[in-house]
Every structure is written in structure tokens, then in C-alpha cells.
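Reading through the C-alpha cells given below for one structure.
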Amino acid sequence: MGGFFSVASKQDCVFDLFFGTDYHSHLGTRRGGLAVYGENGFDRAIHNIENSPFRTKFEKEANEMKGYMGIGCISDYEPQPLLVRSHHGTYAITTVGKINNTEEIVKLIFQSGHTHFLEMSGGDINATELVAAIINQKENLVEGIQYAQDLIKGSMTMLLLTPKGIYVARDKLGRTPVAIGKKEGAFCAAFESFSYLNLGYSEYRELGPGEIVVMTPEAVTTLAQPGKQMKICTFLWVYYGYPSSSYEGVAVEEMRYRCGALLARRDHIKPDIVAGVPDSGTPHAIGYANESGIPFSRPFIKYTPTWPRSFMPTIQSKRNLIAKMKLIPVHQLIKDKRMLLIDDSIVRGTQLRETTEFLYQSGAKEVHIRPACPPLLYGCKYLNFSRTTSEMELITRNVIKEMEGTNKNYSLEKYTDPESEHYQDMVKRIGEKLNFSSLRYHRLDDMIESVGIEPCKLCTYCWNGKE
């Protein structure tokens, strides 16, 4: 995934840019970058942040960089921002999104006379470099950005820092958010809306799907109107978004409370305590406890000062080890308890199975699992949420494969209906495989109700396969 922050100010912007970008550190663990423009032209820095946080790696730049406009990013894949010299002049660019038709676009760019792309260490082409190459096919930046949005299969939000202003473009269907903040003499643009509040900015507005604006210290001017269709990622509210953020006017933490409450309304289990898997499962559990009247408890605590997000490392065994090591038990709250545990989702199931076994070993009588979203059946085509290389890594797909046996022409649709026998059998088998006392997923209709915006504006592809 990744996050971004940008500032256009009448004063030096580096302080705001540094801390605003740092507030996006939960969105990636590999690389960070800053680019600024001022009296001395462009200045840029990129650092690997795998073994040290963004703040530590960029402390020197925060004290030495100067500029009144800048863009920053946290990236889990390619190094960025990139400095590009083209017929548009020199600009810095950073992107967040996913390109599914890279080879098709590369072939097209080569046919137009582009000579080469630099390969990254893994042999991939830097997606941000590819976006810049697309933009440079057109006569002006706005046409180039729109061309990129039309050409890319997937999604792409981008920031371009130029001497005249910062171009901010939300992806065509608004799968990722862009929030604009304002204070005297400055505007900022961010992925996470909370990131600018402590820097003195107030909420100004959110960009619409496909909208392109140019941001200067004086104004935010729309250059391309937003489209009417939106498919913002629902998983942002369920898991990925930071609790203090909001998207489309819907607060993440509030949505998670509602989500837990609707989980409770359909449940018949009466455990001794309700708990959430830290951190994102906790607010769902609070909502469940408030609705059900069953006490909320924290039977294990996440040790956060030095551990990265567990799903980020490339090697699965390292993910599992980190997930286990960073949860510290409170044995007195576990022993002899019938527990209902809420996690944001079940992907492979490995971590949750180990957590459940750990609770049993600590004396829990029962462990009932309630994911805050429906079964994940499809890998995301639009955002780089995880490093799952195949849909068959999903616990659901493994179980379905076992159920279908030699039948290779089965339909996944029958496994998305919570009223169907296929769905119920799948859930039962998953619960047994992972050694849960019981398992019940959130229903898609209830989860959508928890968000509270029109269902047609939400992307639910990973649960029902509908684009």
C-alpha cells in the first residue's frame, strides 16, 4: 500500500511535510521519501525505513531541506518520489495504487519512442516511473494525468510537484481517499485526513473520484471535474484506515463500533468476555460489547514500540513470528474464561489459529471467533493491500478446493451467500480447521450498513467478486 502528504505554503513547508508524512507510517514499512521546491529549486531524499522509522531516517532532511511546496510518501514497494525531467519541465511525482496491465503499457510506451525503464532490485519496473512516462506522452500535465487514469487497469492516485503548484489527482473511481486541509497561508493534501489536524489545518474538502486539482498556497483549483461513479475501498474502514481518520465523511472508529454492534445483534453465543485482536479488532469488539452487554476485556496487549505491522514482511514465517511475539498475554483475564474474539478479517488463518491455540494454552475454556467482515474470496485487483501472491493462499479458497474436489468448474458465487448450504459448510470447515469453538463471519449487508453510504459507492470485490 502506501500513503502521501503534500503542502503548498507561503512559508517554509518542511516541518508540516515531515510530520504529515510521518503520520502515514502505518501504511507501509519499506521506503519513505520527501521532495520540496523552493528558491534553490528541487531537493529530494529517499530512505529505506524497514529497520528504522520514518522520523529517524529523515531527521537530517527535516533540519536541512528548505522549500515552500513539497510532497512526501510512505511506500511499501517502489522508491519515490521521483524527479522527472520532461517536455513539461522538471517535476517530482509520487503515486499510490496498483497497475495490473504493466506489460501492455510498457509495450505501448516503447512504441511511442521511449527508450528504457530502470528495473528495481526484484526486476519490476517502478510503477511511479511508468506513470510519469504515460503522463509525458501528452502535451500538458492534466491531459497526461487523465490519459494515465484511463490507461491504467487497477487504480492510481498521484501527486506532481511543479514550480507552479502541486497537482493532486484522485484515482478514477475514488478507491483511495484524498483529503484537503487548510490553514492561513497554506493548503495540504493527504491520504489520511487526521494527519494534518495537529499541524493546525482544518478540514477543507475531499476530492471526488478522478478529480484533478492544482494546489498553491493561495487556492485549490479544480482542473478536471470529479466523475459520478465511485468505488471506494470498504476495507479502509474495516481494517486499513487509522482509527482517527474519516473517508467520505464517515469516521473509521465510529464505523467499527457500528460494525461490532451489528455483529452482536445476530449472535446467540453468551461468552464471559468480548475481546478484540489489537489494534483494528479492538473497536469492533467495543461495539459488540456495548450492544450485547457482555463485558469488554483486553486479555492480551500488543507491544507496539518496535514491532512493524505483521503482514508486511515478505516471508510468511517472519509474519507469523512477529504476530506471535508482539502479543503479550494477561493470563488472569484468560484463565477459565469463555471468550469471544473479534478480528478485522481472516486471510490465511495462520495467525488467528496460533492466537487461538495460545489462548487455550493460557487456560481459556472456549474461543469463539467473529471476523468483522465477510469471508475473503478474491484477491484485491485495485490496491496493494498485502503480499499474497495467489488467491489460493486464502483460507477460504483452500477449503473450497477441498470441498469441490476434482470439480474445476465450480462457481464461487454460491460461497458468498450466507444463507446457502455451501457457505455454511465452508464456514464450519474453516472453524474446525483453525480449532475455533465457533466461527461466524460478518454479513456483507450488515457491514455495508455499518459504513452508512450508498452501497453502489463501495468496492466489495474481495468478498463478492463484483466490480
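The values are calculated or read from the model by the stated rules, or taken from the named source; none is laboratory data. Fair warning: this is a prediction, and the values are worked out from it, not measured in the lab. Heads up, the Cβs are rebuilt from the backbone with ideal geometry, glycines too, and the neighbour counts pull from every protein chain shown.
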(message) Please return the ranges of helices (runs of 4 or more DSSP H) entirely within the range 71-171 where 2 or more residues are of a type in the set (A, V, I, L, M, F, W, C) and surrounded by fewer than 19 Cβ atoms within 10 Å (Cβ to Cβ).
(response) 102-111, 141-151
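Quick check: is even one residue across the range 430-437 charged (D, E, K, R), under 29 Å from Asp272 (Cβ atoms), surrounded by fewer than 18 Cβ atoms within 10 Å (Cβ to Cβ) and at pLDDT 95 or above? Walk me through how you get there before you give the answer.
To start, the set of residues in the range 430-437 that are charged (D, E, K, R) comprises 432-433.
This time we only want the ones that are under 29 Å from Asp272 (Cβ atoms), so: 432-433.
Filter once more, so that each one left must be surrounded by fewer than 18 Cβ atoms within 10 Å (Cβ to Cβ): 432-433.
In the following step, the residues that additionally are at pLDDT 95 or above were identified as 432-433.
For the range 430-437, residues charged (D, E, K, R), under 29 Å from Asp272 (Cβ atoms), surrounded by fewer than 18 Cβ atoms within 10 Å (Cβ to Cβ) and at pLDDT 95 or above: present.
Do you know which residues across the range 243-272 are part of a loop (DSSP other than H, G, I, E, B), at negative phi and over 13 Å from the mean Cα position of the chain (by Cα)?
Our first condition is that a residue be part of a loop (DSSP other than H, G, I, E, B); within the range 243-272, this holds for 243-245, 248-249, 266-272.
From what's left, at negative phi: 243-245, 266-272.
Once the filter is applied, which keeps residues that are part of a loop (DSSP other than H, G, I, E, B), at negative phi and over 13 Å from the mean Cα position of the chain (by Cα), the range 243-272 yields Ser244, Arg266, Asp267, His268, Ile269, Lys270, Pro271, Asp272.
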(request) Could you look through the range 43-70, keep only residues that are in a loop (DSSP other than H, G, I, E, B) and aromatic (Phe, Trp, Tyr), and pick out the one that is farthest from Met215 (Cα to Cα)? (result) Phe58
(message) Checking Tyr257 against (1) in the same structural domain as Asp343 (by TED's automatic domain parsing); (2) among the hydroxyl-bearing types (Ser, Thr, Tyr); (3) under 12 Å from Leu458 (Cα atoms), only one condition comes out false. Which one?
(response) (3)
(request) Scan the range 283-302 for residues that are part of a helix (DSSP H, G or I) and in contact (Cβ under 8 Å) with a residue 60 or more places away in the chain and jot them down. (result) His284, Tyr288
(message) As an exercise: evaluate Tyr239 against (1) of a type in the set (Phe, Trp, Tyr); (2) surrounded by 17 or more Cβ atoms within 10 Å (Cβ to Cβ); (3) in contact with a strand residue (DSSP E or B) (Cβ under 6 Å, 6 or more places away or on another chain) and give the number of the one condition it does not meet.
(response) (3)
(message) Exactly one of these conditions fails for Cys380: (1) under 30 Å from Glu78 (Cβ atoms); (2) more than 26 Å from the chain's Cα centre (by Cα); (3) not acidic (Asp, Glu). Give me its number.
(response) (2)
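Looking only at residues in the range 399-429 that are among the charged types (D, E, K, R) and either surrounded by 13 or more Cβ atoms within 10 Å (Cβ to Cβ) or within 18 Å of Cys462 (Cβ to Cβ) (or both), which one is farthest from the chain's Cα centre (by Cα)? Spell out the reasoning first.
Of the range 399-429, the ones among the charged types (D, E, K, R) are 401-402, 404, 408, 413-414, 417, 419, 421, 425, 428-429.
Filter again for either surrounded by 13 or more Cβ atoms within 10 Å (Cβ to Cβ) or within 18 Å of Cys462 (Cβ to Cβ) (or both), leaving 401, 404, 413-414, 417, 425, 428-429.
Details: Lys401: 28, Glu404: 32, Glu413: 26, Lys414: 28, Asp417: 26, Asp425: 31, Lys428: 29, Arg429: 29 Å.
Going through the qualifying residues, I end up with Glu404.
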(request) Among residues belonging to the range 24-48 that are touching a strand residue (DSSP E or B) at 6+ places or on another chain (Cβ under 7 Å) and among the hydroxyl-bearing types (Ser, Thr, Tyr), point out the one that is surrounded by the most Cβ atoms within 10 Å (Cβ to Cβ). (result) Tyr37
